[in-house]
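The values are calculated or read from the model by the stated rules, or taken from the named source; none is laboratory data. Keep in mind that what you see is a predicted model, and the values were worked out from it rather than measured. Glycine gets a Cβ as well: all are built from the backbone with ideal geometry, and neighbour counts include every protein chain shown.
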Amino acid sequence: MDREFFRCDTLNELFNIGVKRAADMLSEIVHRKVSLQIPKIMVSESEEKRLKLGEQFSGPFDGALMVSTISFQNSLNGKANLIFPADKIKKLVALCSAEGIFPPEDIAFTDVDFDVVREIGNIILNCILGEISNLVDLHLVYDLPRVVVYNRIDFNQDIGREKDHSVMILFVTFLIDNTEIEGAVIIDLAVESYRDLLRLLDGIEAGI
Amino acid sequence: MRFGGFATTMACVLIVDDSVFSQKVTANLLQKAMYGENIAISFASNGEEGLLKFRALKPDYMFIDLLMPKLSGTQLIREVQKEGKTKIIVVTADIQKRIREEMEKRHVFAFVNKPLNDEKMRLLCGRMIRNDRSGSRVLSL
């Protein structure tokens, strides 16, 4: 099997398992069925690819965004981000808190909103990173998760300038009842860590 | 010993988690699963506060998140195990096998991956009520 194909296929599979597990967990939190649409993973290695990736962020990601981030070290160095359009956050929090009341979307974010998104981000990102870690037998040490609201993110600029990093992006749409919540997971790995990860995936292919 | 036949004696539980959302989820599920039982629940929002409340309350059980500010869950567990016989239930989003194995080596009472749900809490409470360690095996959920 072509090595590039195998790497891509394995990363796709790992992310799919992680996101599926994350959706199951989200379903347990909101006590509702959570459906999922996951397109393929996109990876940036060259500058040209990085710029193309930035262009993928349009539509729901054009406005204000809430970003939940976990940094990790040890076997791999990098950070994982879960991005939700800010206008969907109130709905997500209402679903999680079982109140089921959707407040007007222009109300400012509260500490409760931040707390819920931090915790959900923590659970979802841990699912994805944990699956990778378990498959290739790594040990990741996490920093405290944090949540930041951005009025707008210029993804072209942000992804494009990360020259010493490889960025993996996954667009995920959660469908909770009739509420569609588009999100994106961005895993930003130091180049050396990305190479280490690929070496470990190659080891799986070689049966090591 | 409180619990293990309970209803007449008050069992003390301390929930240590930096997320108020998770504190509430844990407490609600615990109250539901322990309905009719005599149970007092206290909260702490970081490891340091958890240690202070542990020393003040000497709880029977502690639910401890691993990733917390000021004093991590792992450090808190170390201190609690040094100082008392409180049974520890680790509740974490971390699904790494190594973390689970590390906690099993520490002989915690149970290791639970977030999110907690009715089924996990029911199994956990069943064991708490029976005060059952099933030998040295850690309950893993």
Q: Consider A:V141 carefully, then state whether it is more than 8 Å from every other protein chain (Cβ to nearest Cβ), outside any helix (DSSP H, G or I) and either surrounded by 15 or more Cβ atoms within 10 Å (Cβ to Cβ) or at pLDDT 90 or above (or both).
A: yes
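For B:R130, are the conditions met, namely being among the basic types (K, R) and over 25 Å from B:N38 (Cα atoms)? Steps first, please.
Numbers: among the basic types (K, R): yes; over 25 Å from B:N38 (Cα atoms): no.
Answer is no for this residue.
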Q. Does B:F63 meet the test of being out of contact with any Leu (no Cβ under 7 Å at 6 or more places or on another chain), buried (at least 16 other Cβ atoms within 10 Å of the Cβ) and within 14 Å of chain A (Cβ to nearest Cβ)?
A. no
Q | Residues being at pLDDT 80 or above and not acidic (D, E) - total across segment A:95-130 | A | 18
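Does B:V80 meet the test of being of a type outside the set (G, A, S), in a helix (DSSP H, G or I) and in contact (Cβ under 8 Å) with a residue 24 or more places away in the chain? I'd like the intermediate steps shown before the answer.
Numbers: of a type outside the set (G, A, S): yes; in a helix (DSSP H, G or I): yes; in contact (Cβ under 8 Å) with a residue 24 or more places away in the chain: yes.
Judged against the criteria, B:V80 is a match.
Find the residue count for segment B:20-37, including only residues that are among the aromatic types (F, W, Y) and surrounded by 14 or more Cβ atoms within 10 Å (Cβ to Cβ).
As a first pass, look at segment B:20-37 and keep what is among the aromatic types (F, W, Y): B:21, B:35.
Filter once more, so that each one left must be surrounded by 14 or more Cβ atoms within 10 Å (Cβ to Cβ): B:21.
Of the residues in that region, 1 qualify.
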Q. Looking only at segment A:114-135, which residues are crowded, with 22+ Cβ neighbours inside 10 Å and either on the phi > 0 side of the Ramachandran plot or more than 9 Å from chain B (Cβ to nearest Cβ) (or both)?
A. A:V117, A:G121, A:I128, A:I132
Q.
Just to be sure before I move on: is B:Q96 within 14 Å of chain A (Cβ to nearest Cβ) and over 26 Å from A:S97 (Cα atoms) in the structure I sent?
A. yes
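Look through B:L71, B:L124, B:L52 and report the one residue that is more than 14 Å from every other protein chain (Cβ to nearest Cβ) and more than 15 Å from the chain's Cα centre (by Cα).
B:L52
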Q.
Just the residues that are more than 8 Å from every other protein chain (Cβ to nearest Cβ), at pLDDT 80 or above and surrounded by fewer than 18 Cβ atoms within 10 Å (Cβ to Cβ), please, taken from segment A:144-168.
A. A:R146, A:V148, A:V149, A:Y150
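Would you point out which residue out of B:L29, B:L14, B:L57 is of a type in the set (A, V, I, L, M) and either within 14 Å of another protein chain (Cβ to nearest Cβ) or out of contact with any strand residue (DSSP E or B) (no Cβ under 7 Å at 6 or more places or on another chain) (or both)? Give the steps one after another, and end with the answer.
Values: B:L14 fails: either within 14 Å of another protein chain (Cβ to nearest Cβ) or out of contact with any strand residue (DSSP E or B) (no Cβ under 7 Å at 6 or more places or on another chain) (or both); B:L57 fails: either within 14 Å of another protein chain (Cβ to nearest Cβ) or out of contact with any strand residue (DSSP E or B) (no Cβ under 7 Å at 6 or more places or on another chain) (or both).
The conditions single out B:L29.
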Q) If we scan segment B:92-108, do we find a residue that is outside any loop (DSSP other than H, G, I, E, B) and in contact (Cβ under 8 Å) with a residue 40 or more places away in the chain? A) yes
